[in-house]
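Okay, structure first, notes after.
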Amino acid sequence: MDWGLQNRLSQIIKPQDNRALMLAVDHGYFLGPTEKLENPKNVIAPLLKYCDSLMVTRGIQRTCVPATTNTPMVLRVSGGSSIIGEDLSQEDITVSIQDAIRLNASALAMSIFVGSKYEYQTVVNLGKLVSKAQKYGIPVLAVTAVGKELGKDERYLSLACRIAAEQGAHIVKTYYCENFEKVVQSCPVPIIVAGGKKIPERDALQLTYNSIKGGAVGVDMGRNIWQSEHPVAMIRAVRSIVHGNANVDQAYDLYKKLVSEGPKKKNKSNKPTLKESKKPENKPTQNKSNKPNPTKK
Ligand code: R5P
């Protein structure tokens, strides 16, 4: 594998433990100002140091993410439809490779809609994007199975993930399902699991745990973090599973402990403090936070 591609991939899937925690904040590209993500800048600021990478659109990256961050950006480059439009699956590539490079993207993300009216268009777009991105050593993450009408069972997800990998996607993002192991086994590239709609915190931690146990490299979670009443506590609890090998009880205990401690200091400017920008928690072995560090299960 080319050095650049390998280097960018290792920014997203941490080589220390082959795990990844992505924070998804790209929802506005078809949902507009969705609940609790009305002000992305305020949402992103306190969470940025706890994720390995941020999944974002170029508009939000430019306006709401400090350019001084060392958090890698996974740039969503597809779009074109909205939640009130005719068909969510009618997407095209909306960002040029030049602009993605200008934004220092560590990976490009786009959706494919297998089984939908626009299956052909989105799958061909994925293949074309991989060809372009590969030229510059930029990995592509394919998002599958977004859309209410699509079945999210093992059979469908295996099909969609495999098609994404066959087109050359370097990472595939999909949903968790029963027999998830089978989806992972038939996909030759790493799978990362989307959080889905907001569920109780413990259930979201269970989803994280099950995903990892089923063979996913991690989660790309959005609503279950920033729609929580306590987003920082939640992302730290998720992180304790992804990188700290915590089980669900340990992670939920951490969540409750962080909630009971409350925010330490108000950062009124919504800018990360100097201390926060250091991001010491990227290394799972450096357990300097309040995270549990249980032995591997
Ligand atoms: C959906 O198309 C977006 O790419 C989101 O990034 C994705 O659904 C993950 O976010 P959530 O955890 O809120 O489902």
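The numbers here are math on the coordinates, done by the rules we state, and not lab data. Just so we're clear, the structure is a prediction, and the values are computed from it rather than from any experiment. All Cβ positions, glycine included, derive from the backbone under ideal geometry; neighbour counts span all protein chains shown.
Things worth noting here:
- Where no second cysteine Cβ lies under 4.7 Å, the cysteines concerned in the chain: C51, C64, C177
- Percentage, to the nearest whole number, of Cα pairs in the range 3-282 over 22 Å apart: 54 percent
- Note on T69, T63: ascending count of other Cβ atoms within 10 Å places them as T63, T69, the fewest first.
- Across the range 38-93, C-alpha contacts under 8 Å between residues 6 or more apart give a mean separation that, scaled by the residue count, equals a relative contact order of 30 percent.
- Helix 201-213 and the longest principal axis of the C-alpha atoms of the chain enclose an angle of approximately 60°.
- Given K49/K213; K36/K198; K14/K128; K14/K198, the pairs whose alpha carbons are separated by over 19 Å: K49/K213; K14/K128; K14/K198
- Ordered by the count of other Cβ atoms within 10 Å of each Cβ, fewest first, M1, M73 give M1, M73.
- Summed side-chain charge close to N179 - residues other than N179 whose Cβ falls under 10 Å, Lys, Arg +1, Asp, Glu -1: -2
- Separation between Cα centres of the range 37-61 and the range 187-227, rounded to whole Å: 18 Å
- Taking other C-beta atoms within 10 Å as the exposure proxy, Y209, Y120 rank Y120, Y209 from fewest upward.
- With helices as the sole contributors, the chain gives -11000 deg cm²/dmol at 222 nm; each DSSP H run of n ≥ 4 counts as -39500 (n - 2.57), and the sum is divided by every residue.
- Other residues whose C-beta falls under 9 angstrom from the C-beta of M22 contribute a net charge of -1, scoring Lys and Arg +1 and Asp and Glu -1.
- Once backbone amide H atoms are built at 1.01 Å from N, V140 has L108, H170, I171 as its partners under 5 Å, excluding neighbours fewer than 5 places away on the same chain.
- Relative contact order of the range 130-190: 38 percent, from C-alpha pairs under 8 Å at least 6 residues apart in sequence.
- Helix 231-242 axis, angle to the chain major axis (alpha carbon atoms, nearest 10°): 80 degrees
- Positive minus negative residues near Q61 (Lys, Arg vs Asp, Glu; Cβ under 15 Å): +3
- Three-way shape label, the range 1-138, alpha-carbon gyration tensor, a/c 1.5: oblate
- Normalising the average separation of contacting C-alpha pairs (under 8 angstrom, six or more residues apart) by the number of residues puts the relative contact order of the range 3-282 at 19 percent.
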